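The values are calculated or read from the model by the stated rules, or taken from the named source; none is laboratory data. All values derive from a computational prediction rather than experimental measurement. Don't worry about glycine lacking a Cβ; one is built from the backbone with ideal geometry, like all the others, and counts go over all protein chains shown.
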Amino acid sequence: MTEPTYQQLQISEPLAEQIAIDFFEIKGKAKALPGEIDFNFKITSTNKSYILKISRPEAALEYLTFQDELLKHLEQNSPIFKYPKSFRNINGNGIFNYIDAFGNTRKIRLLEWIDGNLYSAINPKSNNLRYSLGLQCGQITHCLLGFNHTLAHRTFDWDLANALWVEQYLGLFSEKELKIVSFFIEKFKNIQPQYQNLRKSTIHNDANDNNIIVSNHLQNPVVEAIIDYGDSVYSQIINDLSVVLAYGIMDFEDPLEASKAIITGYHESFPLLDQELQVLYTTTAMRLVISVTKSAINKKKEPENKYLLISEKSAWLLLEQWMNISENYAYYSFRKACGMTPCKTYDEFINYTQNTIWSIEDLIPESINKTIVPLDLSIASTFIGNFSNYINSAALDDKISRKVKDENVLFVGGYGEARPIYTTDAFKIKTNEGYEHRTIHIGVDFWISANTPIHALENGEVFSCHNNDHPKDYGPTLILKHHINDLVFYTLYGHLTKESLVDKFAGKPIKKGEKIANIGIDSENGGWSPHLHFQIILDMLGHENDFIGVSTPNNWPIFSSICPDPNLLFKTPLLAAKKRTDHLEQINYRKQHLGKSLSLSYDQPLKIVRGEMQYLIDEFGQKYLDTVNNVAHVGHEHPKVVEAGQQQMSILNTNTRYLNDEILQFAEELLNTFPAELSVLHFVNSGSEANELAMRMAKAVTGEKDIIALEIGYHGNTQGCIDISSYKFDGKGGKGCPENTHIVPLPDAFRGIYQGENTGVKYAKHVDEAIQKIQSKNRNVAAFIAESIVSCGGQIDLPEGYLKDAYQFVRKAGGVCIADEVQVGFGRVGKAFWGFQLHGVVPDIVTMGKPIGNGHPLAAVVCTRAVADAFANGMEYFNTFGGNPVSCAIGRQVLQVIKEDKLQENALDVGEYLKNQLKELQIVHPIIADVRGEGLFLGIELVDENKKPLPEQTNYLANRMKDFKILMSVDGPQHNVLKIKPPMCFSKENVDYMLEVLSKVLRESFMEF
């Protein structure tokens, strides 16, 4: 008899609908779903949904009955999790025959539809989602422990215990594929003795990404249910977790990291044994080997059935990634995920250290004549100082070497220390969420003169002797192997001289106290100043000549177990690793002792301890691309600005009642950036103070008190500034508009009261109306104040002609025009040095702050001579710190850096590039409704198709970007605008990475509407 063709096997959606009506009296719409054994359809009726399963002709009734009984078992024993309950047809049968148009007998079943999304469709597959997947699968494993059935013991291709059947089909693979498959087949054969003795039970065995139902809450989805129990089989319990991992960690940059949350959840529901974790690396791979073998077979058997090939590409990629992971390291990661000590030998080593004491003098006898001093090379180290000292490591090395020589010290320390010298690209690795730097130092360093002898601390033998001359490595390196009873461990000595290692060979015995090498000179060790890197290693993880010397923060718990703290043996406070302050403790202290209105950024706050141009660096040395900090105008801790402040602070810092060159030189350079009309400066300490002074000036000039300001405007945190800041007094805790403040509509041409082109005139008329209202009360306007691009209002570009008309109305009434340039000044807009210059106007007063001092508290007010003279009414204006020599030296250096580094030109070039790229992204993602601003002062507004603001998505986007180490911030009255105003050194490379991540996050499930 001829086998039916693929077309003859197919069941159409209309036919599925008819079967549902004829046999279950359910009228609904059918939608085909993926399936290997059955043809599956979602049947959606008026008030309920079902899954109709129509078997292939060869399906056996006993097999389907087995599934039905298994579901009944779950119904009786599973109060915790959801599963698909079965329904009876009009004749009371749960399973029945159906003859198709070709005379083939099919078996029909109807199951409950569990609402949600397929795991395969969810993006991203977060830690929490993967944890919930493991949790659910562990619950199912636990529930099935008591279930037994004859068919559960069937011989089955998808049963991992029988996986060696794949050897019959090795001829289907390419040379590269065969190498991968053969690698894991050999490993699977090698684990058979222990594998065969592992715990067994009936297991689900098919938690692939199309059998996992996820909740509809896409911002924080969790697994609702695991469906399709057709592959259930009696087998090793660890096989069930292997299946979950095989499909649950596909398409991740770091699949091992992705596996941890699943394992943690599974272990919480169903505790795993160590012997099961020992084989998990191999069994996970073998499930994938079965999958790719099935795909290879099915390509020939049913080439048109795309479902049968659905995971092939991802499975091959994961196999290749898995092959490149150390099996022991994976095992230690699994143990850590289950709350066990990662490296099993660690506890044995701890026992050895209880009665053993080494001394620094044993290792370096010459240290007996030295003063031993702990050296802080951590991220926040003031010894290192400015980042220019470690980017140019010669400066730091020279500083250490001079102190070692001149002060006769031996510097020690470094275990577990996060170091900024490892924040370069050489130590950057790609992770599941952006990049991470390997910053945590695994060993201990001893900084002493070159050629200092090193002695063995314990009996042993030479394991390896090698010149690791890559810049990231240790230079000439010696590794000793030690046997202490049943304990085996290694000691690594790096940064040695080549000459002292010439007589070393693998297996050479070494006695305790024997001289083994000399510390090398910098030219032999990648330029590092002379020092010994010393490390204890419990498992070489397959390395032959060297070992990892720095770890990512994420992997530190595992590496600190493989490479324990040498001070467990030295037992000296000089080498004691520093304890880090717990974030929760810091947050609680802030809540108790700092003002409650002091907020923290992000749902999970960051502890930032260092700045480096366009980056902020946390306590673990992880670099965050800063797209929001316009205070660090020329770059966080710019070396020239830092140096200018340090130099001036070292000689004088006093008030302005003495003659001093700094204030005059700074004033001259600053005034050169303004139109000639603006010629008089007053120095203050903050933008708030600048705006407060500007209002005093306006009131002194006009004799009036009424101020016109923009809706959602923000001008500072003093009471006078709050009184003109709609963003504050109309917000939480505000008391509404004061009597002498008059708010005009935000001139938002995108979503304001007037939209589109030529709205400037319409918005400006509201300024005239406000003046008329003031005058109707027998008062007059003192000033009109506006930011040149409205920041807190959502980075709003002022419409063309708006400021010209508004200024004309104000001046006609005798008022003063104030331009608030605190946020947008100093070349940030690119096309001009000051934002008001974009509009062809000259204000009477300009306020500036934030960028002027690059983070130093410095601000200024510049005004016309007429305003200055009117303000000088006999009452002295004195500011203790305003215009002090240190502040002026810093401000002058900021201006010089802007000019020397061509930062205004960079703002124009990079800003235009970014703006154009964002508009390209807008075409693909219409959730980006508006891209606006100038230079490096841009805003992205997120709304739906009806222009309804999307604050949840905007907040999600900002927090997700932070996960990828890109700092963004939310703004706007409806909190639906992302603001972009980075340090002016922001580059096109930074833009490209930001857009790459932004595009990725915009494709995530929660961002789609």
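Being within 11 Å of residue 787 (Cβ to Cβ), of a type outside the set (Asp, Glu) and in a loop (DSSP other than H, G, I, E, B) is the filter here, so list the residues in region 803-840 that pass it.
Residues satisfying the conditions are 822, 823, 824, 825.
Could you tell me which residue of region 282-302 is surrounded by the most Cβ atoms within 10 Å (Cβ to Cβ), considering only residues that are of a type in the set (Gly, Ala, Ser) and either over 27 Å from residue 327 (Cα atoms) or within 33 Å of the chain's Cα centre (by Cα) (or both)?
285
Please give the number of the condition residue 784 fails out of (1) modelled with pLDDT of 95 or more; (2) crowded, with 21+ Cβ neighbours inside 10 Å; (3) assigned to a helix (DSSP H, G or I).
Condition not satisfied by residue 784: (3).
Per-residue answers, yes or no, for (1) in contact with a Ser or Thr (Cβ under 9 Å, 6 or more places away or on another chain); (2) in contact (Cβ under 8 Å) with a residue 12 or more places away in the chain:
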{"position": "721", "(1), (2)": "yes, yes"}
{"position": "738", "(1), (2)": "no, yes"}
{"position": "750", "(1), (2)": "no, yes"}
{"position": "778", "(1), (2)": "no, no"}
{"position": "782", "(1), (2)": "yes, yes"}
{"position": "785", "(1), (2)": "yes, yes"}
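So how many residues does region 960-997 have that are among the aliphatic types (A, V, I, L, M), touching an Asp or Glu at 6+ places or on another chain (Cβ under 6 Å) and closer than 29 Å to residue 896 by Cα?
1
If I ask for residues that are among the hydrophobic types (A, V, I, L, M, F, W, C) and not in a loop (DSSP other than H, G, I, E, B), which ones from region 788-802 would you list?
789, 790, 796
Could we say that residue 868 is surrounded by 22 or more Cβ atoms within 10 Å (Cβ to Cβ), under 12 Å from residue 681 (Cα atoms) and either at pLDDT below 90 or not basic (Lys, Arg) (or both) here?
In short, no.
Table: residues versus (1) in a loop (DSSP other than H, G, I, E, B); (2) more than 21 Å from residue 85 (Cβ to Cβ); (3) among the basic types (Lys, Arg).
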| position | (1), (2), (3) |
| --- | --- |
| 158 | yes, yes, no |
| 171 | no, yes, no |
| 220 | yes, yes, no |
| 230 | yes, no, no |
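Please indicate, with yes or no, whether at least one residue in region 79-100 is touching a Ser or Thr at 6+ places or on another chain (Cβ under 7 Å), of a type in the set (A, V, I, L, M) and not in a strand (DSSP E or B). Reasoning before the result, please.
Going residue by residue through region 79-100, those that are touching a Ser or Thr at 6+ places or on another chain (Cβ under 7 Å) are 94-95, 97, 99.
Adding the requirement that they be of a type in the set (A, V, I, L, M) leaves 95, 99.
This time we only want the ones that are not in a strand (DSSP E or B), so: 95.
The answer is yes; a qualifying residue exists.
Within the set of pairs 6 or more residues apart or between chains, which connect a residue that is surrounded by fewer than 19 Cβ atoms within 10 Å (Cβ to Cβ) inside region 102-120 to a residue that is in a loop (DSSP other than H, G, I, E, B) and of a type in the set (Lys, Arg) with Cβ atoms less than 6 Å apart?
112/85
Of everything in region 394-424 that's of a type in the set (D, E, K, R) and more than 24 Å from residue 537 (Cα to Cα), which residue is nearest to the chain's Cα centre (by Cα)?
Taking region 394-424 as the starting set, the residues that turn out to be of a type in the set (D, E, K, R) are 397-399, 402-403, 405-407, 417, 419.
With more than 24 Å from residue 537 (Cα to Cα) added as a condition, the list becomes 397-399, 402-403, 405-407.
Numbers: 397: 32, 398: 35, 399: 34, 402: 39, 403: 39, 405: 43, 406: 44, 407: 43 Å.
The residue in question is 397.
May I ask you to list the residues in region 515-534 that are surrounded by fewer than 13 Cβ atoms within 10 Å (Cβ to Cβ) and closer than 16 Å to residue 456 by Cβ?
Answer for region 515-534, where residues must be surrounded by fewer than 13 Cβ atoms within 10 Å (Cβ to Cβ) and closer than 16 Å to residue 456 by Cβ: just 515.
Within region 974-990, track down each residue that is buried (at least 20 other Cβ atoms within 10 Å of the Cβ), of a type outside the set (D, E, K, R) and either touching a Phe, Trp or Tyr at 6+ places or on another chain (Cβ under 8 Å) or assigned to a loop (DSSP other than H, G, I, E, B) (or both).
Scanning region 974-990 gives 976, 980, 982, 983, 984, 985, 986.
Sort out which residues of region 495-513 are surrounded by 12 or more Cβ atoms within 10 Å (Cβ to Cβ) and either touching a Leu at 6+ places or on another chain (Cβ under 7 Å) or assigned to a loop (DSSP other than H, G, I, E, B) (or both), and write them in order of number.
Correct list: 495, 496, 497, 498, 501, 504, 506, 508, 510, 512, 513.
Quick one: which of 103, 94, 116 is under 12 Å from residue 225 (Cα atoms) and not hydrophobic (A, V, I, L, M, F, W, C)?
116
Confirm whether residue 434 is under 17 Å from residue 549 (Cβ atoms) and surrounded by fewer than 24 Cβ atoms within 10 Å (Cβ to Cβ).
No.
Right, residue 820: of a type in the set (Asp, Glu) and surrounded by fewer than 24 Cβ atoms within 10 Å (Cβ to Cβ) or not? Full working, then the answer.
Working: of a type in the set (Asp, Glu): yes; surrounded by fewer than 24 Cβ atoms within 10 Å (Cβ to Cβ): no.
Considered against the rule, which asks whether it is of a type in the set (Asp, Glu) and surrounded by fewer than 24 Cβ atoms within 10 Å (Cβ to Cβ), residue 820 comes out as no.
Working only within region 125-153, note down all residues that are in contact with a helix residue (DSSP H, G or I) (Cβ under 8 Å, 6 or more places away or on another chain) and either outside the structural domain of residue 280 (by TED's automatic domain parsing) or part of a loop (DSSP other than H, G, I, E, B) (or both).
125, 147, 149
Being among the acidic types (Asp, Glu) and either over 22 Å from residue 848 (Cβ atoms) or at pLDDT 95 or above (or both) is the filter here; which residues of region 788-819 pass it?
800, 805
Mind telling me which of the residues 969, 1005 ends up being more than 17 Å from the chain's Cα centre (by Cα) and surrounded by fewer than 23 Cβ atoms within 10 Å (Cβ to Cβ)?
Sole residue among the options that is more than 17 Å from the chain's Cα centre (by Cα) and surrounded by fewer than 23 Cβ atoms within 10 Å (Cβ to Cβ): 1005.
Checking residue 606 against (1) surrounded by fewer than 20 Cβ atoms within 10 Å (Cβ to Cβ); (2) of a type in the set (A, V, I, L, M); (3) assigned by TED's automatic domain parsing to the domain that holds residue 439, which single condition isn't satisfied?
(3)
For region 26-39, give me each residue that is at pLDDT below 90 and not aliphatic (A, V, I, L, M).
Correct list: 34, 35, 36, 38, 39.
Looking only at region 917-952, count how many residues are closer than 25 Å to residue 800 by Cα and among the acidic types (Asp, Glu).
4
For (1) among the aromatic types (Phe, Trp, Tyr); (2) outside any helix (DSSP H, G or I); (3) in the same structural domain as residue 985 (by TED's automatic domain parsing), each residue gets a yes or a no:
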residue: 868; (1), (2), (3): no, no, no
residue: 877; (1), (2), (3): yes, yes, no
residue: 880; (1), (2), (3): no, yes, no
residue: 907; (1), (2), (3): no, no, yes
residue: 912; (1), (2), (3): no, no, yes
residue: 918; (1), (2), (3): no, no, yes
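Do we find that residue 420 is closer than 22 Å to residue 498 by Cα and touching a Lys or Arg at 6+ places or on another chain (Cβ under 7 Å) in this structure? Walk me through how you get there before you give the answer.
Working: closer than 22 Å to residue 498 by Cα: no; touching a Lys or Arg at 6+ places or on another chain (Cβ under 7 Å): yes.
Considered against the rule, which asks whether it is closer than 22 Å to residue 498 by Cα and touching a Lys or Arg at 6+ places or on another chain (Cβ under 7 Å), residue 420 comes out as no.
Suppose we keep only residues that are part of a loop (DSSP other than H, G, I, E, B) and surrounded by fewer than 21 Cβ atoms within 10 Å (Cβ to Cβ) within region 928-957. Which one would you say is nearest to the chain's Cα centre (by Cα)?
So the first thing to find is which residues in region 928-957 are part of a loop (DSSP other than H, G, I, E, B), and the list is 935-936, 944-948, 950.
Okay, now just the ones that are also surrounded by fewer than 21 Cβ atoms within 10 Å (Cβ to Cβ), so 944-948, 950.
Working: 944: 26, 945: 29, 946: 32, 947: 30, 948: 28, 950: 22 Å.
My answer is 950.
Consider residue 541 against the criteria (1) at pLDDT below 90; (2) surrounded by 13 or more Cβ atoms within 10 Å (Cβ to Cβ): it satisfies all of them except one. Which criterion is unmet?
Among (1) at pLDDT below 90; (2) surrounded by 13 or more Cβ atoms within 10 Å (Cβ to Cβ), the lone unmet condition for residue 541 is (1).
Of these, 246, 315, which one is modelled with pLDDT of 95 or more and of a type outside the set (S, T, N, Q)?
246
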